[in-house]
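Colleague: Pasting in a structure now, in structure tokens, and then I'll have a few things to ask.
The values are calculated or read from the model by the stated rules, or taken from the named source; none is laboratory data. Since the structure is predicted, the reported quantities are computational estimates derived from the model, not experimental observations. Ideal geometry is used to build each Cβ from the backbone, glycine not excepted, and the neighbour counts take in all protein chains shown. We work out accessible area using only protein heavy atoms, side chains counted, and drop any ligands, DNA or RNA first. Shrake-Rupley method; radii C 1.70, N 1.55, O 1.52, S 1.80 Å.
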Amino acid sequence: MKTLLTILILSTIMNAQFKLPKYETYNLQNGLTIYLLEKRNSPLISLSFTVNAGSIKDGENFGLASFTAEALKFGTASFSKSQIDSTFNFYGSELSSDAGYDFSIVSSTVMKEYFDQLFNVFSEVILKPKFDEQEVIKRKQRWIAELEQAKESPRSIISYYFNRLIFAEGIYSNPPQGLKSTIEKITPEMIRSFYEQNYHPEHSALVIVGDFNSKEMKNKIESVFANWNPQSDRLVYDIRYQQKSFNKPRVYLIDKSNSFETTFMIGGNGIPMSNDDKIKIEVINTILGGRFTSWLNDELRVNAGLTYGARSRFASYRFAGTFAMSSFTQTKNTEAAIDLAIKTYNRLFEKGIDEATLTSAKNYIKGQFPPNYETSNQLASFFVQKFIYGLDDSYINDFEENINSLTVSETNQIIQKYFPKENLQFTIIGNASEIERVVSKYGEVIKVSIDEDKF
């Protein structure tokens, strides 16, 4: 009887679908969106503030959104930069800020007993930044040095070149971290202008997840953020973007003359975050290049020994997205590695996916999913994405059901619909004198030097 009870309990746990915990969302009168989720089994509280102010709003000032996000911490009406840093350090926390393509974010995780002290500083960083000139000057110097250093790691920057190839002069071609020439031009006045044009309560959200009382938390939020006036009379960007298709294969060759290896990305258009088939697409991508035992990693690393790793991914944004396979190899193996990646990719179209392979991927995805939303930080991250990308709770609540419903027939339909087949686009970083002749067989070559101040 005891054994039977144990089996029944285990069966119930295994068959229980992960659901989004109960939460509350509402808006202040000024338009600020609030997400509150009480999570009483942890002494931590996660804070995230996000605003629709990513690099797609940089215009020609590449890096301005990212610099503005970091400059929020350069001092406020009441606190200097050193006071902000020391306050968070004293209470065992850290204040981070960053910007991507679609949004900017300020976040921290604090012990609940120190919440009031740190929430006061956190909110002032958002509402009353000073953008101290000396701090801006110092950070620009380090920023430019970091941009130069990044060029020594092609794997860390190749996606920016790839986006430039895919999106041309479109909004997602802007490198979020900027260029040396654009960072050099940034001034406190430009940062202040970007802040005033884009940091509005009606375009922002505050997410709080952790051990707190919602009624008390609402009062704290109201006392700080209710006086933040909406500024909808200022410039508001109405961004619309239509992703273009390609009429020929192209090779964006970035010459790094001192390189002994070739780094490459191969792909094309992808999907926006809001795509209804996103979860099912991820199952297929898991098979192709989304896990260690994927086709790409097996063929290029395990079987051929051409690389230490090969993968594929869909990078999804608010209005568009990309698909890419990526890897790196010794210069002499450039052609063999790229040919094998393409050959492996073509298996999707030529043979499709069988039942056993699909079942394995579905089980893997289902096993990986719940741990992605266990911590307060992870849940806060979901609400940020929910606000920015318009995700529905069904993304989590119906996740396992969507996975289970995926059939072999539907899988192969999705491959034909979303995985680019014709006119693949190649971004390759390596020694051009050694590989240009080889890579020219893949498409029209567009060559630049990695030393040029451009993507």
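Colleague: What residue, of N163, N198, is open to solvent by less than 10 Å² (accessible area, probe 1.4 Å) and within 29 Å of R250 (Cβ to Cβ)?
Modeller: Details: N198 fails: within 29 Å of R250 (Cβ to Cβ).
On inspection, the qualifying residue turns out to be N163.
Colleague: If a residue must be farther than 30 Å from T50 by Cβ and more than 22 Å from the chain's Cα centre (by Cα), how many such residues does the range 396-419 contain? If you could, list the steps in order and put the result at the bottom.
Modeller: First, pick out the residues of the range 396-419 that are farther than 30 Å from T50 by Cβ: 404-417, 419.
Among the residues that remain, those that are also more than 22 Å from the chain's Cα centre (by Cα) are: 404-417.
Of the residues in that region, 14 qualify.
Colleague: May I pose another question? How many residues, within the range 317-336, are open to solvent by 20 Å² or more (accessible area, probe 1.4 Å) and touching a helix residue (DSSP H, G or I) at 6+ places or on another chain (Cβ under 9 Å)?
Modeller: Looking only at the range 317-336, we keep the residues that are open to solvent by 20 Å² or more (accessible area, probe 1.4 Å), and these are 317-319, 326, 328, 330-333, 335-336.
In the following step, the residues that additionally are touching a helix residue (DSSP H, G or I) at 6+ places or on another chain (Cβ under 9 Å) were identified as 317-319, 326, 328, 330-332, 335.
Looking only at that region, the number is 9.
Colleague: Additional query: For the range 350-374, which residues satisfy the criterion of being open to solvent by 60 Å² or more (accessible area, probe 1.4 Å) and either in contact with a His (Cβ under 6 Å, 6 or more places away or on another chain) or outside any helix (DSSP H, G or I) (or both)?
Modeller: K351, D354, E374
Colleague: Please pick out the residue among I137, I144 that is in contact with a Lys or Arg (Cβ under 7 Å, 6 or more places away or on another chain) and of a type in the set (A, V, I, L, M).
Modeller: Result: I144 is the single residue among I137, I144 that is in contact with a Lys or Arg (Cβ under 7 Å, 6 or more places away or on another chain) and of a type in the set (A, V, I, L, M).
Colleague: Got a number for residues in the range 375-395 being in a helix (DSSP H, G or I), within 18 Å of the chain's Cα centre (by Cα) and surrounded by 15 or more Cβ atoms within 10 Å (Cβ to Cβ)?
Modeller: 13
Colleague: Which of the residues belonging to the range 287-308 are open to solvent by 10 Å² or more (accessible area, probe 1.4 Å) and of a type in the set (V, I, T)?
Modeller: T293, V302, T307
Colleague: I would also like to ask the following. Just the residues that are under 21 Å from the mean Cα position of the chain (by Cα) and hydroxyl-bearing (S, T, Y), please, taken from the range 16-54.
Modeller: Listed by number, the residues that qualify are Y35, S46, S48, T50.
Colleague: Here's a follow-up. Considering the range 423-444 alone, what residues qualify as being out of contact with any Ser or Thr (no Cβ under 9 Å at 6 or more places or on another chain) and open to solvent by 50 Å² or more (accessible area, probe 1.4 Å)?
Modeller: Correct list: E436, R437, S440, K441, E444.
Colleague: May I ask you to say which residue of S173, S156 is of a type outside the set (D, E, K, R) and open to solvent by 40 Å² or more (accessible area, probe 1.4 Å)?
Modeller: Every option except S156 fails the conditions.
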